[in-house]
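Let me begin by presenting the structure, written as structure tokens, before commenting on it.
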Amino acid sequence: LWSFKMERSKVDTIQYNPLSDELASMPLTYTPSPASFRHSRLVKRSDGRSQINYKGLPPRGWYGFFKDGFTTIIDVHWCLVITLFCCVYCSSWLLFSFLWWGVDEAYESTRNYTCINEVYSFPSAFLYSLETQLTIGYGHRFISADCGFGVVLLIIQSLVGLLIDSFLLGLIFAKITRPTNRRKTILFSNHCVIYEKDGKRYLKFRIADIRKSQLVEAHVRVQLYWYKGNEETQDG
């Protein structure tokens, strides 16, 4: 069991700063109504995220999220990740299907011989693209050694397939290994204690881990929200 104390004299109205260092000096304003403040939770029970709404933040749009796209995709729901997984693979198969079909038609019309054996329509070109990128290799469809541009396209598709596999598998592994469900085995005391010591007020509660395995170098961050009526908080 661990016990934690928070000194009241060192905590202002809202001691919480989700911003980066460059925006740490910006004033934050939160003015909830007394009724909503009393009857609504400030922190979600499901994921522990804060439900405080801030005002006075500079508009940044979606550029920051797109710039850090890998972390943004990790934070989204699993349905969107699976949809992205399917769309990326299907798009690459379709793109190279059109390329293979075009290359085969071009060689057949200009040099009077086929570049890819058993590729005579778009569905067959799609099957060849699928077999090439997934390294299935049924043996019925294969590229001719005289098709130089086809060899180059084969190398490009193989490299693109490896990059897509590396990115998506790394993304899924990073999302699976996030300890989001670890909090379910960490218990907090149902009641906290406010007491005074040496002229200062402290907030004290207890945390326990019900697993037998020990947490190594565990760090706990506590956020205290203090309501002052209609006063506004000017705290960075």
Please enumerate the residues belonging to the range 106-122 that are part of a helix (DSSP H, G or I) and open to solvent by 80 Å² or more (accessible area, probe 1.4 Å). E108, S109, T110
Would you please name the residue that is modelled with the lowest pLDDT, looking only at residues in the range 69-95 that are open to solvent by 60 Å² or more (accessible area, probe 1.4 Å) and aromatic (F, W, Y)? F70
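Any residue at all in the range 165-182 that's under 30 Å from F96 (Cα atoms), at pLDDT 85 or above, acidic (D, E) and surrounded by 11 or more Cβ atoms within 10 Å (Cβ to Cβ)?
Looking only at the range 165-182, we keep the residues that are under 30 Å from F96 (Cα atoms), and these are 165-175.
Filter once more, keeping what is at pLDDT 85 or above: 165-175.
Of the ones still in play, those that are also acidic (D, E) are 165.
If we keep only those that are surrounded by 11 or more Cβ atoms within 10 Å (Cβ to Cβ) as well, we get 165.
The answer is yes, given that some residue of the range 165-182 is under 30 Å from F96 (Cα atoms), at pLDDT 85 or above, acidic (D, E) and surrounded by 11 or more Cβ atoms within 10 Å (Cβ to Cβ).
The values are calculated or read from the model by the stated rules, or taken from the named source; none is laboratory data. This is a predicted model, so every value here is computed, not measured. When we count neighbours, we look across all protein chains shown, and the Cβ atoms used for this are built from the backbone with ideal geometry, even at glycine. Protein only, heavy atoms only, side chains kept; ligands, DNA and RNA dropped before computing areas. Shrake-Rupley method; radii C 1.70, N 1.55, O 1.52, S 1.80 Å.
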